[in-house]
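> I have a structure here, written as structure tokens, and I will follow up with some questions on it.
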Amino acid sequence: MSPGPAGLDPTVRAKAVAARGFMPTDEGDALFVAGQEAAAAVPGAPFLEIGSYCGKSSVWLGAAARESGTVLFALDHHRGSEENQPGWEWHEPDLVDPEVGKMDTLPRFRRTVHDAGLEASVVALVGASPVVAGHWTTPLALLFIDGGHGREPAHRDYEQWTPHVAPGGRLCIHDVFPDPADGGRPPFEIYQRALESGRFEDVSATGSLRVLRRRS
Ligand code: SAH
Ligand code: MG
């Protein structure tokens, strides 16, 4: 394994790599760098992630937040996306709460954050993204969109959350596939919307991760 970006504690990185979830190592490392850049551009402002699942991406972003003296709000209802439900491609049966009969990734998320030593820097927001967005007013240094990947949830996250990215801050979008053969369209569509809006410009592309900068 490569050593990872400067400033990322190798022990914490190893926890991220070992964590369950959907974040390739090179893309996680790029998230960490985006966090460092975001915190330098917008000092003191927090990060917010939509879609934490078992906390894999949260470790990379939480490590960047801790290093920068800020925090990551990790937003997820922890009931899984459509594609995580029984019968779908990305279902993991052991993540179902048998008493409730629904997915519950919150216990696993808490363990991941605990084991990475990031409980002081990662704050779980347990709820539906549109509900939390309806009450959110704090400017963000970094917004990471990796929640529902269907057309409606992805565009809603774009519309409700991107206005909170502070000038100079970073917008990160996961699962952006320019070629439809590689994956679903909505993350790519909102990436394009961000560019076409004139409010954001490209910073980097790593795998399916796009990092954009909010113009001043
Ligand atoms: N970033 C994670 C993967 C996220 S998977 C990793 O690194 O592994 C997508 C997550 O988005 C799921 O956990 C699902 O529960 C959450 N999600 C989907 N729609 C949501 C919504 N409307 N509100 C809150 N969370 C949502
Ligand atoms: Mg993803």
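The values are calculated or read from the model by the stated rules, or taken from the named source; none is laboratory data. All of these numbers come straight from a predicted model, not from anything done at the bench. With ideal geometry, Cβ positions are generated from the backbone for all residues, glycine too; neighbour counts draw on all protein chains shown. Note: areas computed on protein heavy atoms with side chains; ligands, DNA, RNA excluded. Shrake-Rupley method; radii C 1.70, N 1.55, O 1.52, S 1.80 Å.
> Does LEU125 meet the test of being touching a strand residue (DSSP E or B) at 6+ places or on another chain (Cβ under 8 Å) and open to solvent by less than 10 Å² (accessible area, probe 1.4 Å)? Let's see the steps before the verdict.
Working: touching a strand residue (DSSP E or B) at 6+ places or on another chain (Cβ under 8 Å): yes; open to solvent by less than 10 Å² (accessible area, probe 1.4 Å): no.
For LEU125, the condition - touching a strand residue (DSSP E or B) at 6+ places or on another chain (Cβ under 8 Å) and open to solvent by less than 10 Å² (accessible area, probe 1.4 Å) - is not met.
> Let me ask something else about it. Looking at (1) out of contact with any Leu (no Cβ under 8 Å at 6 or more places or on another chain); (2) open to solvent by less than 70 Å² (accessible area, probe 1.4 Å); (3) within 16 Å of ligand 1 (Cβ to nearest atom), which is the one condition that is false for ARG111?
Among (1) out of contact with any Leu (no Cβ under 8 Å at 6 or more places or on another chain); (2) open to solvent by less than 70 Å² (accessible area, probe 1.4 Å); (3) within 16 Å of ligand 1 (Cβ to nearest atom), ARG111 violates only (2).
> Moving on to the next point. Just to be sure I understand, how many residues within the range 149-173 are within 13 Å of ligand 2 (Cβ to nearest atom) and crowded, with 23+ Cβ neighbours inside 10 Å?
4
> Got a sec? Which of GLY101, GLY44, GLY4 is touching a residue at least 24 places away in the same chain (Cβ under 8 Å), over 25 Å from THR206 (Cβ atoms) and more than 17 Å from the chain's Cα centre (by Cα)?
GLY44
> Specify the residue that is most open to solvent (accessible area, probe 1.4 Å); the eligible residues are those in the range 183-208 that are without any contact (Cβ under 8 Å) to a residue 12 or more places away in the chain and part of a helix (DSSP H, G or I).
Residue satisfying both the conditions and the ranking: GLU196.
> Can you tell me which residue is most open to solvent (accessible area, probe 1.4 Å) among those in the range 29-58 that are in contact with a strand residue (DSSP E or B) (Cβ under 7 Å, 6 or more places away or on another chain), assigned to a helix (DSSP H, G or I) and away from ligand 1 (no atom under 13 Å from the Cβ)?
Only one residue tops the list, namely GLU37.
One line per residue, one yes/no per condition, for (1) more than 21 Å from SER208 (Cα to Cα); (2) among the acidic types (Asp, Glu):
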{"residue": "GLY80", "(1), (2)": "no, no"}
{"residue": "GLU119", "(1), (2)": "yes, yes"}
{"residue": "ALA124", "(1), (2)": "yes, no"}
{"residue": "ALA133", "(1), (2)": "yes, no"}
{"residue": "THR138", "(1), (2)": "yes, no"}
{"residue": "ARG156", "(1), (2)": "no, no"}
{"residue": "HIS164", "(1), (2)": "yes, no"}
{"residue": "ALA181", "(1), (2)": "no, no"}
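Condition check ((1) within 16 Å of ligand 2 (Cβ to nearest atom); (2) among the aromatic types (Phe, Trp, Tyr); (3) farther than 20 Å from SER129 by Cα; (4) in contact (Cβ under 8 Å) with a residue 12 or more places away in the chain) across all residues:
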| site | (1), (2), (3), (4) |
| --- | --- |
| ALA14 | no, no, yes, no |
| PHE22 | yes, yes, no, yes |
| LEU48 | yes, no, no, yes |
| TYR53 | yes, yes, no, yes |
| GLU67 | no, no, yes, yes |
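> Looking only at residues that are charged (D, E, K, R) and out of contact with any Asp or Glu (no Cβ under 9 Å at 6 or more places or on another chain) in the range 80-100, which one is farthest from HIS149 (Cα to Cα)?
Here is the first cut: in the range 80-100, the ones charged (D, E, K, R) are 82-83, 89, 92, 94, 97, 99.
Okay, now just the ones that are also out of contact with any Asp or Glu (no Cβ under 9 Å at 6 or more places or on another chain), so 82, 92, 94, 99.
Working: GLU82: 8, GLU92: 17, ASP94: 22, GLU99: 27 Å.
Restricting to residues being charged (D, E, K, R) and out of contact with any Asp or Glu (no Cβ under 9 Å at 6 or more places or on another chain), the top hit is GLU99.
> Which residues, taken from the range 59-87, are open to solvent by 40 Å² or more (accessible area, probe 1.4 Å) and either within 7 Å of ligand 1 (Cβ to nearest atom) or at pLDDT below 95 (or both)? Before the answer, list the steps.
Step one: filter the range 59-87 for residues open to solvent by 40 Å² or more (accessible area, probe 1.4 Å), giving 66-69, 71, 73, 77, 79, 82-83, 85-87.
Listed by number, the residues that qualify are HIS77, ARG79, GLU82, GLU83, GLN85, PRO86, GLY87.
> In this structure, is ALA116 among the aliphatic types (A, V, I, L, M) and more than 15 Å from ligand 1 (Cβ to nearest atom)? Working first, answer last.
Numbers: among the aliphatic types (A, V, I, L, M): yes; more than 15 Å from ligand 1 (Cβ to nearest atom): no.
Considered against the rule, which asks whether it is among the aliphatic types (A, V, I, L, M) and more than 15 Å from ligand 1 (Cβ to nearest atom), ALA116 comes out as no.
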